[in-house]
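Remarks on the structure that follows.
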Amino acid sequence: MAGNSVTASGTLSQALDALHAQQQQLSVLSKRLVSLGDEHEALCECLAAHGAVGAERFMAGLHRQRFAVARRRHPLRSEESLESIMQVKEFALTVAARLGLSGIASLGAASKALRIGVTAISPELVFPISLYAIGGEAGGDALASVECFSVPTNSWSSCPSLETPRSGCAAVALSHHVYAVGGCGSDGEDLRTVERLNLWDSVWEAMPSMLAGRDELAAAASGGHVYAIGGSHLVWPVRHIMDAVERFDPETRSWQAMPRMSRERCAAAAVSTRGRVYVLGGCNQDGIALDSAERFDTWKSIWEPLPPMRRPRCNFAVAASNGHVFVAGGYDDRMQDLDTVERLDSNLDCGWEAIACLAMPRWGVRAVGRAGAVFVVGGHVRDGEVGTTERLDPSSGEWVTLAPLLEPRRSFGLAASCLN
């Protein structure tokens, strides 16, 4: 028994000696780690002081190196690149929601591939997008209702209603306001009146009336002004199609006549991009859909011809995104509902090209472009108005179905704003 006790005592002593040695090694390593930390900070300060490598750049390089080691340890078994994965907007937004703004900024600094994905979604992170569907028509009645779509939450909600129901009106966003312009009232009158929604306090206010009443007009905002374009006006017993254009200045709160279009257009579509207002299609005095297009140079105050669209279109959707103009839906010169979508580069190099089609042919549909995407809303199909909301990714040609309108409608105003 005594021998066993001696043996146990010796084993315990050896274990304590080994533990003591390990503690000494840990102490040495701890001191060395502190020393390395001091040397690292001193080295970074020297590099930054001599303008060689900034601290942020150094840390980014270090992070990339560590990230590469992690990828080797945990290889991604996918044919997709990191860049292509981060360009999937829904995935990138989900990652951003988890990390927060500071985290997503650090992620963007980690690699070029991640930075591309972060840059693509940055407008939606800093300035969440909202769409406003205003007035329009459903079941033969002019609507006063207004809805707001939150892109981050994928949901529509009710907003304060218009003072006046408006079918065939137009809507534009300018500064912190959304304007509802013209249209046809519930009594069939062509409206000159204009209303403006203050997005800070969600209150509609009356604006000075246009020079002429306009039903099924087009409108766009450019250079701090609102442009009201074409449409129709009833001078009993004839409904006249208009080529007249007028511009509203919010500073002077006045409308001014502008140079007329090359021809009359009713139920045309208009959009602004790069200092020019594009006006496309519509119907002539005989009710025949047009394929012609033109644009107004707001600096030179002149109209310029554009290549004709591939199909005549009336009462259709238009949007601008990433230097392109998109048109969708409407009906053609044979009164056939269209599901086709076309795109025109603003440099006019290649003319119009056909891209992905709508899920269903429809007219009275509306669209806006924001954050590199095109949102297409509402319209009329054979069975009546629809409330569908879809988003087109122009780079991939893919459509994503979003939450539908609370109230289906056609021939309404649609505007997008970064205030909500």
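Here Trp299 passes the criteria (1) in a strand (DSSP E or B); (2) aromatic (Phe, Trp, Tyr); (3) modelled with pLDDT under 95 except the one numbered (1).
For the range 360-390, residues that are at pLDDT 95 or above and more than 27 Å from Asp333 (Cα to Cα) total 0. Of Pro152, Pro165, all but one fail to be buried (at least 19 other Cβ atoms within 10 Å of the Cβ) and assigned to a loop (DSSP other than H, G, I, E, B); the exception is Pro165.
Of the residues in the range 380-390, at least one is of a type in the set (A, V, I, L, M, F, W, C) and over 15 Å from Ala133 (Cα atoms).
For (1) in contact with a helix residue (DSSP H, G or I) (Cβ under 8 Å, 6 or more places away or on another chain); (2) at pLDDT 70 or above; (3) not hydroxyl-bearing (Ser, Thr, Tyr), each residue gets a yes or a no:
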| site | (1), (2), (3) |
| --- | --- |
| Val6 | no, no, yes |
| Leu16 | no, yes, yes |
| Lys31 | no, yes, yes |
| Gly37 | no, yes, yes |
| Met59 | no, yes, yes |
| Gln65 | no, yes, yes |
| Ala92 | yes, no, yes |
| Arg98 | no, no, yes |
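Of the strands (runs of 3 or more DSSP E) contained entirely in the range 323-365, those carrying at least 2 residues that are over 21 Å from the mean Cα position of the chain (by Cα) fall at 352-355. Would you check if Ser145 is in contact (Cβ under 8 Å) with a residue 60 or more places away in the chain, of a type in the set (Ser, Thr, Tyr), in contact with a Cys (Cβ under 7 Å, 6 or more places away or on another chain) and surrounded by 13 or more Cβ atoms within 10 Å (Cβ to Cβ)? Here the answer is no, as Ser145 does not meet what is asked. If we scan the range 190-198, do we find a residue that is in contact with a strand residue (DSSP E or B) (Cβ under 9 Å, 6 or more places away or on another chain), at negative phi and free of Cβ contacts under 8 Å to residues at least 24 places away in the same chain? Yes, some residue in the range 190-198 is in contact with a strand residue (DSSP E or B) (Cβ under 9 Å, 6 or more places away or on another chain), at negative phi and free of Cβ contacts under 8 Å to residues at least 24 places away in the same chain. When the range 380-399 is limited to residues that are touching a residue at least 60 places away in the same chain (Cβ under 8 Å) and farther than 15 Å from Glu342 by Cα, the one that is surrounded by the fewest Cβ atoms within 10 Å (Cβ to Cβ) turns out to be Gly384. If I filter the range 206-227 for residues that are among the β-branched types (Val, Ile, Thr) and over 23 Å from the mean Cα position of the chain (by Cα), do I get at least one hit? The answer is no, given that none of the residues of the range 206-227 is among the β-branched types (Val, Ile, Thr) and over 23 Å from the mean Cα position of the chain (by Cα). Residue under question is Arg334, and the condition is that it be in the same structural domain as Tyr227 (by TED's automatic domain parsing), more than 20 Å from Glu390 (Cα to Cα) and either in contact with a strand residue (DSSP E or B) (Cβ under 6 Å, 6 or more places away or on another chain) or in contact (Cβ under 8 Å) with a residue 12 or more places away in the chain (or both); does it hold? So Arg334 fails the test. Residues considered: Arg310, Arg263. Of these, the only one that is farther than 20 Å from Leu234 by Cα, touching a residue at least 24 places away in the same chain (Cβ under 8 Å) and not in a strand (DSSP E or B) is Arg310. Residues of the range 357-371 that are free of Cβ contacts under 8 Å to residues at least 60 places away in the same chain and among the charged types (D, E, K, R): Arg362 alone.
Conditions tested, residue by residue: (1) small (Gly, Ala, Ser); (2) modelled with pLDDT under 95; (3) on the phi > 0 side of the Ramachandran plot.
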position: Glu216; (1), (2), (3): no, no, yes
position: Ala221; (1), (2), (3): yes, no, no
position: Val226; (1), (2), (3): no, no, no
position: Gly230; (1), (2), (3): yes, no, yes
position: Arg247; (1), (2), (3): no, no, no
position: Arg253; (1), (2), (3): no, no, yes
position: Ala257; (1), (2), (3): yes, no, no
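Any residue that is buried (at least 24 other Cβ atoms within 10 Å of the Cβ) and within 17 Å of Leu143 (Cα to Cα) - is there at least one of those in the range 217-240? The answer is yes, given that some residue of the range 217-240 is buried (at least 24 other Cβ atoms within 10 Å of the Cβ) and within 17 Å of Leu143 (Cα to Cα).
The values are calculated or read from the model by the stated rules, or taken from the named source; none is laboratory data. Quick caveat, the model's predicted, so the values are computed rather than measured. In this analysis, Cβ positions are derived from the backbone assuming ideal geometry, glycine residues included, and neighbour counts consider all displayed protein chains.
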